[in-house]
Amino acid sequence: MAIFDDEPKKKPRPHEIGQDLSLLSVDDLSERIALLRDEIVRLEAERQARGATKSAAEALFRRG
């Protein structure tokens with residue numbers, strides 16, 4: 001929490017795969033789990049979008 005309103009708020013550090021977890025609090029771990037779950041949802045949506053694009057392209061070239 002910032003002492004003064006004009007102080008910039010600290011951004012949480014992104015999770016790094018393989019980093020030492022022993023220094024993180026339970027709240028920090030929970031935040032990182034939520035962050036990683038959100039990232040998984042984002043990655044799966046992108047994968048699905050690319051799959052749809054690939055299927056559309058394949059269908060287009062099969063017609064010709």
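The values are calculated or read from the model by the stated rules, or taken from the named source; none is laboratory data. Since the model is a prediction, treat every value here as computed from it, not as a measurement. Cβ sites come from the backbone with ideal geometry, for glycine too, and all protein chains shown count toward neighbours. Quick note on the areas: whole protein, heavy atoms, side chains included, nothing else; ligands and nucleic acids left out. Shrake-Rupley method; radii C 1.70, N 1.55, O 1.52, S 1.80 Å.
General observations
- Annotation: of all residues in the range 32-62 being closer than 19 Å to GLN19 by Cβ and either among the charged types (D, E, K, R) or touching a Gly at 6+ places or on another chain (Cβ under 8 Å) (or both), the one that is least open to solvent (accessible area, probe 1.4 Å) is ARG32.
- Any pair with Cβ under 9 angstrom, 6 or more apart, that starts in the range 36-53 at a residue that is part of a helix (DSSP H, G or I) and ends at one that is open to solvent by less than 90 Å² (accessible area, probe 1.4 Å): LEU36/HIS15; GLU39/HIS15
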